[in-house]
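The values are calculated or read from the model by the stated rules, or taken from the named source; none is laboratory data. As the structure is a prediction and not an experimental result, all values here were calculated from the model. Reconstructed Cβ throughout: ideal geometry from the backbone, glycine too, with neighbour counts over all protein chains shown. In case anyone asks, the SASA skips ligands and DNA or RNA and just uses the protein heavy atoms, side chains included. Shrake-Rupley method; radii C 1.70, N 1.55, O 1.52, S 1.80 Å.
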Amino acid sequence: MKQSKLFTKTSKTSPSDEVSKNAQLLIRAGFIHKEMAGVYSCLPLGLRVLEKIKQIIREELDKIGANEMHMTTLQMSEKWEKTGRWDDEVVDDWFKTELKNGTKLGLAFTHEEPIAQIMTNFVSSYKDLPFSAYQFQTKFRNELRAKAGIMRGREFLMKDLYSFDINEEEHLKFYEKMKEVYMNIFNRVGIGDRTFLTISNGGSFSKYSFEFQTLSEAGEDILVFDKEKRVAINKDDFNDEVLEDFGLNKDELNFEEAKSIEVGDIYTLGIKYSEALGLKYKDENGEDKPVFMGSYGIGVGRLMGTVVEIFNDENGIIWPEAIAPFQVHLINIGEEEKAQGLYEKLQENGIEVLWDDRDKRPGEKFGDSDLIGIPNRVVISPKSLEQGGVEFKKRDKKDGEIISIGELLGKLEK
């Protein structure tokens, strides 16, 4: 893409009404636009990042045979009344509306009820189980105070997956598999080394569940963890009973505390929703049994915001290679014809490139490049050509090097 064709512009100043680093940088760099507190539009650069995160998640889920689908945001009240979650005293962050004929509707904040009802059409026998289904869906939550930029919003994109098994024993096999799947996702996104499988409260479904917490000063949670042994417990749930239940000896663990961001969670739902909505199967003896369910969430925008909170410096964002909007930021200082040729050559070799073809001063181009944060910068100028090629610089490195076009392609195709 030519940067002159982007309608977005960068800004030298941070928005006065944003305190979170992720929102400040993403707005300044032209990745998102703030509609109101907790509600952001995703602009072209931001959408490229979101789509890459989605694709990583999709690839890891497809590997285990999960089915992708898409459910509706508009939800009728009846199914939620069956589980007690239509009541504002039970769920206090609903956005509710109604049709012109008076039918009550809500904007879904999650999808356990809808998917359980859908599956009553397709599950009748134990032979139909197990399976799992997921979606990427915009959720709506009427938060009293939206904060933390795109990490906690009133409208946000989530990946939610649901599993369906004949009993708890079979469910737990899948549940364990999902722990590995989630870590694969976080490793590929670039935050795996600082993300911990974390013991937490299981709410009304089970005694315990697991979160995935990423170390960051921007976090709202406190993590108690042993970095070497990869043992982590949410501080809210840290006590002797938890240690005993998980066979942990406090004297053998080097616990420390730090702020963290919850980037994913996995829950055992049990039979609450299947019983309420009539999701059942006939076992080998012809007896009706409720389907055993699980729920697994990742906030896609939240994950994007977490990456920005971690990977930045005083000049802007530093995107990990796997989710950067482009692989290369090409900048020409003069030499437009040579830059055009290199731009085309990079594209021919399957390399995603943003070419800053604007008529701007070099300092402005370099400043915008640092702010946007594409991991590889290539500068072509009379000086670089005189020295034998182009200047290649990694976004997270101070200095660049002059290399030939052939060497450049070799570096980028690895």
Legend entry - the stretch 148-172 residues that are open to solvent by 10 Å² or more (accessible area, probe 1.4 Å), paired with ones that are aromatic (F, W, Y) and not in a strand (DSSP E or B) (beta carbon under 7 Å, 6 or more apart): I166/Y126
Inset, instruction - Would you mind stating whether K147 is modelled with pLDDT of 95 or more, outside any helix (DSSP H, G or I) and basic (K, R)? - result: no
Legend entry - Failed condition for V224, given (1) more than 30 Å from the chain's Cα centre (by Cα); (2) open to solvent by less than 20 Å² (accessible area, probe 1.4 Å); (3) not small (G, A, S): (1)
Inset, instruction - Determine whether the stretch 178-193 contains at least one residue that is touching a residue at least 60 places away in the same chain (Cβ under 8 Å), surrounded by fewer than 18 Cβ atoms within 10 Å (Cβ to Cβ) and over 19 Å from the mean Cα position of the chain (by Cα). - result: no
Inset, instruction - From (1) closer than 30 Å to I27 by Cβ; (2) touching a helix residue (DSSP H, G or I) at 6+ places or on another chain (Cβ under 7 Å), pick out the condition that doesn't hold for S260. - result: (2)
Legend entry - Residue list for the stretch 64-107, filter: in contact (Cβ under 8 Å) with a residue 60 or more places away in the chain and either open to solvent by less than 70 Å² (accessible area, probe 1.4 Å) or closer than 19 Å to R188 by Cβ (or both): I64, G65, A66, E68, M69, M71, T73, K79, T83
Legend entry - Among the residues listed as K173, K177, K127, the single one being farther than 25 Å from G286 by Cα and among the charged types (D, E, K, R): K177
Inset, instruction - Could you list all residues from the stretch 378-395 that are out of contact with any Gly (no Cβ under 7 Å at 6 or more places or on another chain) and either of a type in the set (S, T, Y) or buried (at least 22 other Cβ atoms within 10 Å of the Cβ) (or both)? - result: V378, V379, I380, S384, V390
Inset, instruction - Determine which member of the set L354, L342 is farther than 23 Å from I185 by Cα and in contact with a Phe, Trp or Tyr (Cβ under 8 Å, 6 or more places away or on another chain). - result: L354
Legend entry - Exclusive hit being within 21 Å of T138 (Cβ to Cβ) and open to solvent by less than 40 Å² (accessible area, probe 1.4 Å), set D265, D283: D265
Inset, instruction - Identify, by number, the condition in (1) surrounded by 14 or more Cβ atoms within 10 Å (Cβ to Cβ); (2) touching a Pro at 6+ places or on another chain (Cβ under 8 Å); (3) not β-branched (V, I, T) that W355 doesn't meet. - result: (2)
Inset, instruction - Can you run down the residue pairs with Cβ atoms below 7 Å, 6 or more apart or on separate chains, where the first is in the stretch 375-392 and closer than 15 Å to E336 by Cβ and polar (S, T, N, Q) and the partner is at pLDDT below 90 and assigned to a loop (DSSP other than H, G, I, E, B)? - result: S381/G334; S381/E335
Legend entry - Failed criterion for D251 (all others in (1) open to solvent by 80 Å² or more (accessible area, probe 1.4 Å); (2) at pLDDT 95 or above; (3) acidic (D, E) hold): (2)
Inset, instruction - Kindly indicate whether any position in the stretch 26-34 is without any contact (Cβ under 8 Å) to a residue 24 or more places away in the chain, surrounded by fewer than 17 Cβ atoms within 10 Å (Cβ to Cβ) and outside any loop (DSSP other than H, G, I, E, B). - result: yes
Inset, instruction - Output the residue which, of all residues in the stretch 1-25 that are among the polar types (S, T, N, Q) and in a loop (DSSP other than H, G, I, E, B), is surrounded by the most Cβ atoms within 10 Å (Cβ to Cβ). - result: S20
Inset, instruction - Could you give me the residue pairs with C-beta distances under 8 Å whose first residue belongs to the stretch 201-225 and is over 11 Å from D237 (Cβ atoms), whose second residue is in a loop (DSSP other than H, G, I, E, B) and among the β-branched types (V, I, T) wherever it lies, and which are 6+ apart or on separate chains? - result: T214/I191
Legend entry - Failed item in (1) farther than 29 Å from A66 by Cβ; (2) modelled with pLDDT under 95; (3) in contact with a helix residue (DSSP H, G or I) (Cβ under 6 Å, 6 or more places away or on another chain), with V224 passing the rest: (2)
